[in-house]
Amino acid sequence: MLHIFIINPFAGDKTFADDLRTKLSSIEGLDYFVFNTRYAGYETELVKKILHIFNGEKLRFYCCGGSGTMRNMLNGFDDFSKVEIAFFPCGLTNDFLKMFGESAQRFEQIEELIYGDVIDIDYIKSNHGVSLNTLSTGLDSNCLKKMDDFRLFRVISKDLPYSIATVYSIFVSKTEEYEITLNGETRTGKFAEIFVGNGSIFGGSLYFAERTCINDGKAIYSIVGNKRGFGLLKVMLALTGKKYDKYPELMDLGEVDRIRFRRADGQPFSINQDGDIINDVTECEAEIVHKGMRFVVPKGVKAL
């Protein structure tokens, strides 16, 4: 097997890429190549080139970065059945790996992945690309769009721009009217958030469900109604505090295998796929692909 490492040198600390190369060079018998990304989204182009060059080879791809790096890498594949995917995390949140509980720390040891097991997991396929963990619109997509306005605060803390953008979006952003179809039923109304998750954790600390499964062919959905300001803050605090008993009164929560939504006025909007913002969307349609991805985990590790 040929091991392909795609490194986002801008993720993690300054020595992440060099440290990983040094580590790989010390592993005997490993047949591998290492590629650095050049800019956001370059992972997609890079994967396509690698697949063409190594056509017919048995390949395992390692995402060495954060959730956005993984999302961009995944969108370079046309067929996941012929490759194995591994996640060596160094981003801000890496939420999908939190589905493995305390064992998530084992993903941070590259040897655990090189000599790991392969399991079949679900992923989210949409008309705007693939995501491993989440797809959403509303509050969180507003946050991502506003983060750049507060980028200078990174000198204080790398997490601060996101925190400020979140507070701003809670109290300033308007809700929009959407038409949503899920489980064969269509509803129209003003919604603050529309969320679809293969996992159940988002934004580092927001827990949308007490339990979920990454290989059952179902996604969880969460729809927050026309809430702003302190009403929306109450929702956020409940999600952060894992107050599952409060969820029914704050949001509509359930399981779905396919969802479609658009703004009722037909105007474009933005969606968030695993931390990457996609603008000028007129309609989003997504489905769960059951056990469609071969995912590498440390030996013996299972999702919660």
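Average accessible surface for the chain: 48 Å² per residue, computed with a 1.4 Å probe over protein heavy atoms with every protein chain in place. Cα-Cα pairs above 14 Å in region 107-193: how many percent? Counting pairs separated by more than 14 Å, the tail of P(r) holds 76 percent.
Within region 233-292, the percentage of alpha carbon pairs spaced more than 17 angstrom apart rounds to 61%.
Averaging Cα coordinates gives a centre for region 183-213 and one for region 48-115; these two points are 24 Å apart.
With the cut-off at 1.5 for a/c, could you classify region 69-147 from its C-alpha gyration tensor as rounded, prolate or oblate? It is oblate, given that a/c is not under 1.5 and a/b is not larger than b/c. When the solvent-accessible area of region 41-107 is split by element, carbon and sulfur atoms take up 46 percent of it, the probe being 1.4 Å. In the chain, the calculated helix contribution to ellipticity at 222 nm averages -7000 deg cm²/dmol per residue, counting -39,500 (n - 2.57) for every DSSP H run with n ≥ 4. Within the chain, the selection of entire DSSP H helices by a Cα span of 15 Å or greater along the long axis and an average Kyte-Doolittle value of at least 0.5 returns 160-172, 229-240. Relative contact order of region 29-170: 17 percent, from C-alpha pairs under 8 Å at least 6 residues apart in sequence. For the chain, the relative contact order is 22 percent, taking Cα pairs closer than 8 Å that sit 6 or more residues apart in sequence and dividing their mean separation by the residue count.
Extension gain, GLU210-THR240: 0.36 nm per intervening residue step, less the Cα-Cα distance, totals 9.6 nm. What is the list of residues in region 13-34 whose amide nitrogen lies under 20 Å from a point 7 angstrom out from the Cα of SER157, following Cα to Cβ? Counting only backbone N, you get 13-14. Between amide H atoms placed 1.01 Å from N, distances below 5 Å from ILE201 occur with PHE208, all of them 5 or more places distant or on a separate chain.
Computed from backbone phi, the HN-Hα couplings of region 188-198 come to 10, x, 8, 10, 7, 7, 10, 10, 10, x, 7 Hz, rounded to whole numbers (Karplus: 6.51 cos²θ - 1.76 cosθ + 1.60, θ = phi - 60°; Gly and Pro given as x). Under the shape rule built on the C-alpha gyration tensor, where the axes satisfy a ≥ b ≥ c, region 1-139 is rounded, since a/c falls short of 1.5.
A Stokes-Einstein calculation at 37 °C with viscosity 0.692 mPa s, built on the Kirkwood radius of the chain over Cα pairs, returns a diffusion coefficient of 165 µm²/s. The candidates THR240, THR134, arranged from most to least accessible area with a 1.4 Å probe in the full protein assembly, appear as THR240, THR134. The length gained on full extension between ASP79 and GLU179, counted as 0.36 nm times the residue separation minus their Cα-Cα distance, comes to 32.9 nm.
The values are calculated or read from the model by the stated rules, or taken from the named source; none is laboratory data. All values derive from a computational prediction rather than experimental measurement. Glycine also receives a Cβ, built like all others from the backbone with ideal geometry; neighbour counts cover every protein chain displayed. Just the protein is used for accessible areas: all its heavy atoms, side chains included, with ligands, DNA and RNA removed. Shrake-Rupley method; radii C 1.70, N 1.55, O 1.52, S 1.80 Å.
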